[in-house]
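No lab work stands behind these numbers, since they all come straight from the coordinates. Please read these numbers as outputs of a predicted model, since none were measured by experiment. In this analysis, Cβ positions are derived from the backbone assuming ideal geometry, glycine residues included, and neighbour counts consider all displayed protein chains.
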């Protein structure tokens, strides 16, 4: 039997999504909760990997198991056995062919930049103390839309050494939300640490330390002697996996919904 899980989590205490030896991960906690609920081993795969400290408002995973169980029971029992900073929002029956990662058409991330000290959101933002030129950052973000070679923003990934650095970005913008700036980007896929490096480069633009023109050259894959690679990696605390998008070909059966999530 196959299920589609929609999950939210605070990644502060975890070494990322993917299971690792001798490390606590979000996927590892989900597996323990699922196998406790079903009393059997499960196959579990996520739509995307998030790094240590990165959060998710809407991660998606598929789970397969030989045992059957109702969506209502799985939702209730998994949440009962998960730690407080991980929640399953919904459980849906899915076709056996459904694959959380391969069937996804795009992914959306949001990076939160605080322009003042925040007592209640410290774990979920990057506080930049110096003034930022928001208009320059917004101008730079426009260059991200389209098909580009993001080799200048790619961190070496030993697990995927031959991964293509070509990414199709559907949308990208810097929004003002009170004392916060929200860098939101949606694309076909993302390279390892790509979003955090883009956020770091945009802050450099806002600080006047990187021109919009130089940013555009990096986006086009034109690394140079001055900027051989964009190594300005923003802290993981401000990054959220916001949404996984699926095409109409993924047919879903009636869902069992969890409680509406609260935004911090």
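Which FRET efficiency value, to the nearest 0.05, is calculated for residue 35 and residue 211 with the Förster distance at 41 angstrom and r the Cβ-Cβ distance? Walk me through the intermediate numbers first.
Numbers: r = 53 Å, r/R0 = 1.28.
After rounding to 0.05, the efficiency reads 0.20.
What angle do you read, to the nearest 10 degrees and between 0 and 90, between the alpha-carbon axis of helix 71-81 and the longest principal axis of the chain? Compared with the principal axis, the helix lies near 70 degrees.
Expressed in whole Å with the largest first, what are the equivalent ellipsoid semi-axes of region 105-241 derived from the C-alpha gyration tensor as the square root of 5 times each eigenvalue?
Values: eigenvalues 106, 56, 39 Å².
They are 23, 17, 14 Å, listed from largest to smallest.
Hydrodynamic radius of the chain by the Kirkwood approach over all distinct alpha-carbon pairs: 19.4 Å.
Contact order for region 105-241, expressed relative to its length and based on alpha carbon pairs under 8 Å spaced 6+ residues apart, stands at 37 percent. Taking each DSSP H run with n ≥ 4 as -39500 (n - 2.57) and averaging over every residue of the chain yields -6000 deg cm²/dmol at 222 nm.
Rank by packing, highest mean first: peptides 8-14, 194-200, with packing defined as the count of other Cβ atoms within 10 Å averaged across residues.
Working: 8-14: 20.4, 194-200: 24.3.
Put in order of decreasing packing, that is 194-200, 8-14.
Rounding to the nearest 10 and keeping the result within 0 to 90°, find how far the Cα-based axis of helix 194-206 lies from the longest principal axis of the chain. Approximately 30 degrees, to the nearest 10. Each DSSP beta bridge with both residues in the chain is either parallel or antiparallel, and the antiparallel ones are about 90%. In this simple spin-label model, placing a label point 7 Å from the Cα along the Cα-to-Cβ direction at both residue 123 and residue 220 gives a separation of 4.4 nm. Against the chain, whose longest principal axis comes from its Cα atoms, helix 26-38 is set at around 10 degrees.
The order of the peptides 220-226, 76-82, 234-240 by mean Cβ neighbours within 10 Å, most packed first, is 234-240, 76-82, 220-226.
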